[in-house]
1. Would you mind finding the one in Leu118, Leu134, Leu106 that is of a type in the set (A, V, I, L, M, F, W, C), surrounded by 13 or more Cβ atoms within 10 Å (Cβ to Cβ), assigned to a helix (DSSP H, G or I) and over 56 Å from the mean Cα position of the chain (by Cα)?
2. Would you kindly identify the strands (runs of 3 or more DSSP E) lying entirely within the range 1-91 that contain at least 2 residues that are modelled with pLDDT of 50 or more and more than 25 Å from Tyr328 (Cβ to Cβ)?
3. Among the residues of the range 290-310, are any surrounded by fewer than 18 Cβ atoms within 10 Å (Cβ to Cβ) and more than 30 Å from Tyr65 (Cβ to Cβ)?
4. Among the residues of the range 140-170, count how many are touching a residue at least 40 places away in the same chain (Cβ under 8 Å) and within 54 Å of the chain's Cα centre (by Cα).
5. Does Ser87 fit the bill of being more than 30 Å from Met231 (Cα to Cα), small (Gly, Ala, Ser) and touching a strand residue (DSSP E or B) at 6+ places or on another chain (Cβ under 8 Å)?
6. Out of the residues in the range 300-325 meeting the condition of being more than 12 Å from Gly346 (Cα to Cα) and acidic (Asp, Glu), tell me which one is modelled with the lowest pLDDT.
Amino acid sequence: MKRRTLLISLAVIVLALGATATGRHYYYQPDPGDEGSEETEFTLIEPRPGAVRVAIESPALVEPYRQQVIRSPGQARISFVAVLGASRNEGDVLVRLESSEAEARLARAELDHQEAELALTRAERTLEQSRISLEATRNLHAAGATSGEDLSKSEELVMNAGHQLEIARISLEKSALNREIARMDLESTIIRAPFQGRILEVAVQPGDIVGSNTALMTFGDISRVRLVAEMDEYDAVRITRNQRAEAQADALRFAGVATRSWSWRVDTISPVARIVSNIPVFTVGAVFDNDDQLLRPGMSADLTVIVAQDRGLVVPAGSISTVRDRSYLDVMDPDGEIASRRVVTGASDGVQTVILEGIEEDDQIVVYQESSLDILAGSPSGADPGNSSFIPISVPGSSGGSSSAPASPAGGGGGGGGGGR
């Protein structure tokens, strides 16, 4: 492990007076044999329990989770339309069309079916009588009381009766099909809800005459809603399905509704970008429960996708150095020597990073002045507020941001530049 010799100059006097070392500036002086080396200013900080969250934020539009445009099956006159905004269960009536012609066709089909049943019964009796007559003719012919010609005629009558019976059966089946079609035509004059939902738009009124496939209304399920946002390629590549998402609507807050947020998951990401002003744009959708139906289709809202989130000990991102995908922190031991310690890092927003393994809460972390951002946001205990700084970092192309939350007011968040020494 690499060790360095620490020379404390002016800070010795401060320590002698009982001041804490955490948050104070020191200077690293190289060994006398290291020619050309200069003193390096650094700060000692203590890691604090906290959380770092990296999120992408974007304006979004609220859409129904599922919606369907209800269309007319054919030309007809509207006799009933459900009220705009009404809730309907699956199978409830939405629209009624004029049904007098359909009712007449069904009545005629019923009569045709009854007639076909009678024809079948008559054909069955005719066949039975023909068979009885044929049996009698055969007996007479065997006794020599009738000619062979009479026997042939009887046999032909039986065969014809069988054909008539088959025709009657086919006619009965055809009439049954026609009756079923007439019933379906009558049923089509009653348009029912395809699922549980609400009437979102109404395009017709009772008395209107509409043609085939005319849009009558829009019906949707808003017990859940989908927030749809457009994001550029830099943000879209960091988003995957089932990532946690949050939503807030300013309109509800302005209307006096208690502030609240909705949490759920990303469910759709467009596989192909649309080009808008020469910029690739991807569509991202996230589904949220909306049982109280406060979120209404067409409202604007803010969609936040949580890209990464971890809780642990938070240190400035600039205090971490990386070598071949391995992360290290410089830690001062009780003897005043600085040693590099391997750590496991978690979420990082470019300013602060969560350390999952490798350090303890009472360790003294060395943050070099060369890292630009050298302390946690909200100075640790004993830090000099005059030496604190915080510089927002914005990633090109990003529509979002990041945030961090210490575990307690004493917990430090911190500055820290991206990258290591």
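1. Leu134 is the lone residue from the list that is of a type in the set (A, V, I, L, M, F, W, C), surrounded by 13 or more Cβ atoms within 10 Å (Cβ to Cβ), assigned to a helix (DSSP H, G or I) and over 56 Å from the mean Cα position of the chain (by Cα).
2. Working: elements: 25-28, 40-45, 48-71, 76-81.
The strands (runs of 3 or more DSSP E) meeting that bar are 48-71, 76-81.
3. No; the residues of the range 290-310 include none that is surrounded by fewer than 18 Cβ atoms within 10 Å (Cβ to Cβ) and more than 30 Å from Tyr65 (Cβ to Cβ).
4. So the count comes out to 0.
5. Here the answer is yes, as Ser87 does meet what is asked.
6. That would be Asp325.
Yes/no per residue for (1) of a type in the set (S, T, N, Q); (2) closer than 30 Å to His113 by Cα:
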| residue | (1), (2) |
| --- | --- |
| Arg183 | no, yes |
| Gln196 | yes, no |
| Gly207 | no, no |
| Phe219 | no, no |
| Val228 | no, no |
| Phe254 | no, no |
| Val266 | no, no |
| Pro271 | no, no |
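The values are calculated or read from the model by the stated rules, or taken from the named source; none is laboratory data. For clarity, every value in this text was computed on a predicted model and none was experimentally measured. A quick note on method: Cβ atoms are made from the backbone with ideal geometry, for glycine too, and the neighbour counts reach across all protein chains shown.
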